[in-house]
Amino acid sequence: MPGEAKPLLRALRGEAVWPPPLWLMRQAGRYLPEYRAVRAQVADFMTLCTSPALAAELTLQPIRRFGFDAAILFSDILVLPWALGRELTFREGVGPVLPPLRTGAEVMALDSTRLADAIAPVEQAVREVRLSLAREAFDRTALIGFAGAPFTVACYMVEGGGSRDFAATRTMAYREPALFSGLIDRLTEATIAYLAVQIDVGVEVVMLFDTWAGILPPAQFRSYVERPTREIVAALRNRYPDVPVIGFPRLAGVLLGEYAADTKVQAVGMDTATAPAEAMKCVPATVTLQGNLDPLAVVAGGAAMRAETDGILHVMRGRPFVFNLGHGIVPQTPPEHVAELVRIVRAG
Ligand code: CP3
């Protein structure tokens, strides 16, 4: 298989590739002047996500600049609820805004029959990215597709946008467990369909972003984070045995090992707060680890960034590992610091 030569795919199949493959969460974004230039051409963020040529261009930008081992499809986790019929706008300085979902009727109205049409631009963007990667001879760069994990997507849908504690969502999970589970089940099914489409047109790896997993107590973590993730992994593995799944249960803390064992993801993303040495102890050596440099260390750059990076590399050497941040890169990051980070990691 020619794809086997790509360092990311080798690492995700359990090989201790060294120096480790690297890419950064949110690697396409506002910290890049070339992103801001494209963003300025359109009225709103969703236009980027629904214009295949623009989404493909934005996906390629960080690869051209830094030569990362993975391109991640330019899109957003909230494209899925939008594709199921929920309104979605991104407000400058606020973030995503959706109509809060609070009733069984609204869950029943989530319309998976319109999914295929709504995600056609995403499908086309994947095709264009694969063509561009080949045309520009980025032979070592693998393409990652993604979705939000059902719990995190449900958080934004129920709350109607971002929140510090997602209190309305978590209250619903206690007061109306049947309603909340119904929402999670719908999203689980839709996520499988959505990721299958991405794989069918060319993504080589998929990642599930569960940004808010860590706000749940353990029993609900099992029901709303582990169970849906396990179902998504099982369904995809059955259809696409060679496509690895990376899970990112942010702030899972001591439940990280249980998450890995229970969901059977091929790789687990460590968040910024996780000590790599602790993750090594609780996650089996057959599961690849990914992470986890503090995005703020890249803002700082210099000796601090080098020391933090060396610390992670030292612990991870000799086990299957993918270098990344512990959360998304932030807009104030100097691009030269990212270039320096790439040099440090590639020097092993
Ligand atoms: O480069 C990449 O990583 C690919 C694209 C990508 C985006 N969002 C683009 C984006 C990915 C993988 C995401 C994931 C995402 N989106 C998550 C999970 C990962 C995480 O960071 O926790 C979440 C929770 C979202 C929801 C979301 N999208 C929020 C809360 C916001 C507003 C806050 C912010 O960071 O701007 C977005 C907007 C968004 N998604 C931008 C980008 C590049 C910024 C839009 C702009 O240009 O203003």
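Quick notes on this one:
- Of the residues making up the stretch 34-57, those that are over 24 Å from GLY162 (Cα atoms) and outside any loop (DSSP other than H, G, I, E, B) are GLU34, ALA37, VAL38, PRO52, ALA53, LEU54, ALA56, GLU57.
- Only one entry of ARG319, ARG306 meets the criterion of being open to solvent by less than 40 Å² (accessible area, probe 1.4 Å), of a type in the set (D, E, K, R) and over 17 Å from the mean Cα position of the chain (by Cα), and that entry is ARG319.
- Wholly within the stretch 68-108, strands (runs of 3 or more DSSP E) carrying at least 3 residues that are within 12 Å of the ligand (Cβ to nearest atom), of a type outside the set (A, V, I, L, M) and closer than 18 Å to PHE45 by Cα: 89-91
- Residues being surrounded by fewer than 20 Cβ atoms within 10 Å (Cβ to Cβ) and aromatic (Phe, Trp, Tyr) - total across the stretch 220-248: 1
- For the stretch 42-66, a residue qualifies if it is more than 10 Å from the ligand (Cβ to nearest atom) and closer than 19 Å to VAL330 by Cα, and the qualifying residues are LEU60, ILE63, ARG65, PHE66.
- Matching residues in the stretch 135-175 - criterion: being of a type in the set (S, T, N, Q) and either at positive phi or surrounded by 20 or more Cβ atoms within 10 Å (Cβ to Cβ) (or both): THR141, THR152, THR169
- Matching residues, the stretch 111-122, being within 16 Å of the ligand (Cβ to nearest atom) and either open to solvent by 30 Å² or more (accessible area, probe 1.4 Å) or of a type outside the set (A, V, I, L, M) (or both): PRO121
- Test for ALA125: is it more than 10 Å from the ligand (Cβ to nearest atom), in a helix (DSSP H, G or I) and among the small types (Gly, Ala, Ser): yes
- Matching residues in the stretch 131-162 - criterion: being among the charged types (D, E, K, R) and in a strand (DSSP E or B): none
The values are calculated or read from the model by the stated rules, or taken from the named source; none is laboratory data. These figures come from a predicted structure and were not determined experimentally. As a convention, Cβ positions derive from the backbone with ideal geometry for all residues, glycine included, and neighbour counts pool all protein chains shown. SASA here: full protein model, heavy atoms, side chains in, ligands and nucleic acids out. Shrake-Rupley method; radii C 1.70, N 1.55, O 1.52, S 1.80 Å.
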